[in-house]
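**Student:** Pasting in a structure now, in structure tokens, and then I'll have a few things to ask.
The values are calculated or read from the model by the stated rules, or taken from the named source; none is laboratory data. No experiment lies behind these values; they were computed from the predicted model shown. Virtual Cβ from ideal backbone geometry, glycine too; neighbours counted across all protein chains shown.
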Amino acid sequence: MLIQGRFKELSRKTVFAVLAWGLAAFFLAPYLEMVITAVRPANELRDNGYLPKHFQWGNFVDVWSQTTIGQNLQVSLLVAGGATLLTLLVALPAAYYTARIRFRGRKIFLLLVLVTQMFQPAALQVGLAREFTSLGMMDSDLTLIIANAAFNLAFAVWILSAYISSIPAELEEAAMIDGTSRVGALFKVTLPLALPGVVTCVIFTFITAWNEFIMGLILINTPSKQPLTVGIDSMIGAYNPQWNFMFAASVVAIIPVVILFASIERHVVSGLTAGSVK
Amino acid sequence: MSQKTAAPDAATSAKAAKAAKPTAAGGRNSLARLGPLPWIGPCIALILLVVVWPVAEMVLTSTHKISGLGIDFGFNGLGRYQKLFSDARLGTVMTWTLIWTVLVVGFTMVISLGLAQLYNQQFPGRKYTRWALIIPWAASVIVTSIGFRWMLDEVAGVLNRMMLDLGLIHGAENWTGDAAHAKPWLIFVAVFVSLPFTTYTLLAGLQTVPGEVYEAARVDGASSWQTYFRITLPLLRPSFLVALVINLINVFNSFPVIWGMTQGGPNTDTSTSTVFMFILGQTDVGESAAMSVVNFAVVIVMVLLFLKVSRWNEES
């Protein structure tokens, strides 16, 4: 009886493990195919063999000199970095204040921030293009930084606010009695304790801005000023698309964010749903 | 010179800070007197600039006469809306948008329930298999979609080759060449990229269910299906509803999946409303703006739905 129970338990685990590993392969496969295509020599791109006859790892070097992705990568780094910094600068004071002080209009403010999460760039594309055209701010890194920061505020404010709320206000009050200002207490006491929240916010904003596509598509016209996602997409439009270079660039775009994402995975769900789960 | 004076200045300000020790509370009050604006003002300004202003621009553009160069020639009435509503493509686009949203969200929710249940079990390699799910989540949706477009290529696509080898098809197909072939794949890719977030959200919900509840159900002799439908699902309701509405909004507004695979084409046959407004924008910015206002009305309905299922409903 006991042995039978153990056997049942073991076979259950085996079934789960087989299923889960199968699924893992399924989710990885498209990205593996990207790597395989990235190393295909140009003359084997129209072959339908599963693997190329020659693995041309040099594509990862040539892609920098033969396409604009070097410039696109710089734009993406600048935009994602700038947007992350701006988001943090704007969201941190707001998150801190709403976490610590019950002021009039606090709820309305939090609601406003939450609702911005629902208004996505794709739905506002026509208005965004019109606005930044009339402001004379098309084709500018700064425009992408500002726009990306705005659409990331909701996540940032909510996750930072949740982390700061979980740190007892008494700790700050003690520091303030010792002569530290409120801003000093924020930087010396609260922020170090809220660090996991801050790191999550920074990495998540960076990834979202790095992956952003539609705003780069509608607000930037000059190919060398486009972010990496738009640069990769525009390679399809070429007379003879160089799929190997396209996916070499894609692999370069994906690997860093996957590593970053894995480091904050545990905190992301709470940030995405913090404003809404009862 | 300025460097010389800077040092003593710093020293005095440090002294002043020390002297100010007992009045720390006063400093706090002065901050409170300024009110919330210095803290939340920048946040509001950014939202007004990037989220609210475009909405106003959309309404304005749809009712004004705008030249090809973007010059505004004043109020133009509702002509653009008339043009949009008499556009033969609108019906197809809105029907496909509805089918797209319902099917992608439906499949995503059901499959994610299963995946969350699986990843909540104990088995060898659970941690690593969960990591695989991170890649489609972290990777840019446009890049993933372009990847699928390539894998479905008529000549060199690995999926065509695979389906041929498995005997599922008899000749290579041009999967992204027409709407009937492309639509199931568009739905497939959209589900593929929506699964990780949804699964992780439901998994987080599952992990809040205390073990004693299952223990009690087991003692009472409930079968595993009974336990799932009577206990797990009801307790999962809050996470489920939030994931559902976030998915509704994301999928309804989704742009990169369709853009990356078919660019909304051929013609506008696979365009949902957000892709259609982009295509319209190439020729008639007014009609495109009218489309975006109509689309925005749907978004507002979804936001109200979201507020209803989220905790704001209870608190206010």
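**Student:** For segment A:116-169, give me each residue that is aliphatic (A, V, I, L, M), touching a Ser or Thr at 6+ places or on another chain (Cβ under 8 Å) and surrounded by 23 or more Cβ atoms within 10 Å (Cβ to Cβ).
**Tutor:** Of everything in segment A:116-169, those that are aliphatic (A, V, I, L, M), touching a Ser or Thr at 6+ places or on another chain (Cβ under 8 Å) and surrounded by 23 or more Cβ atoms within 10 Å (Cβ to Cβ) turn out to be A:122, A:123, A:124, A:126, A:149, A:150, A:153, A:154, A:156, A:157, A:159, A:164.
**Student:** Considering only helices (runs of 4 or more DSSP H) fully contained in segment A:116-202, which possess at least 1 residues that are closer than 22 Å to residue B:61 by Cα?
**Tutor:** Helices (runs of 4 or more DSSP H) meeting the threshold: A:121-134, A:141-165.
**Student:** Continuing with this model, one more query. I'd like to check which helices (runs of 4 or more DSSP H) are fully inside segment B:71-154 and have at least 2 residues that are closer than 22 Å to residue B:294 by Cα.
**Tutor:** The helices (runs of 4 or more DSSP H) meeting that bar are B:79-85, B:88-119.
Every residue, every condition in (1) acidic (Asp, Glu); (2) at pLDDT 50 or above, yes or no:
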site	(1), (2)
B:4	no, no
B:17	no, no
B:36	no, yes
B:59	no, yes
B:72	yes, yes
B:77	no, yes
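**Student:** Hey, another quick one. Just to be sure before I move on: is residue A:180 within 11 Å of chain B (Cβ to nearest Cβ), of a type in the set (S, T, N, Q), surrounded by fewer than 24 Cβ atoms within 10 Å (Cβ to Cβ) and within 30 Å of residue B:307 (Cβ to Cβ) in the structure I sent?
**Tutor:** So residue A:180 does not fit the description; no.
**Student:** Looking at segment A:135-192, which of its residues are within 24 Å of the chain's Cα centre (by Cα) and of a type in the set (Val, Ile, Thr)?
**Tutor:** Those that are within 24 Å of the chain's Cα centre (by Cα) and of a type in the set (Val, Ile, Thr): A:143, A:145, A:146, A:157, A:159, A:164.
**Student:** Output the residue which, of all residues in segment A:1-50 that are within 26 Å of residue A:250 (Cβ to Cβ) and among the polar types (S, T, N, Q), is modelled with the lowest pLDDT.
**Tutor:** A:48
**Student:** Here is a follow-up. Applying the selection to segment A:36-69, what residues are exposed (fewer than 15 other Cβ atoms within 10 Å of the Cβ) and either within 29 Å of the chain's Cα centre (by Cα) or in a loop (DSSP other than H, G, I, E, B) (or both)?
**Tutor:** A:46, A:49, A:50, A:51, A:53, A:54, A:55, A:57, A:58, A:61, A:65, A:66
**Student:** So, one more: Are any of the residues in segment B:51-73 over 30 Å from residue B:192 (Cβ atoms), charged (D, E, K, R) and crowded, with 18+ Cβ neighbours inside 10 Å?
**Tutor:** Yes, the conditions are met somewhere in segment B:51-73.
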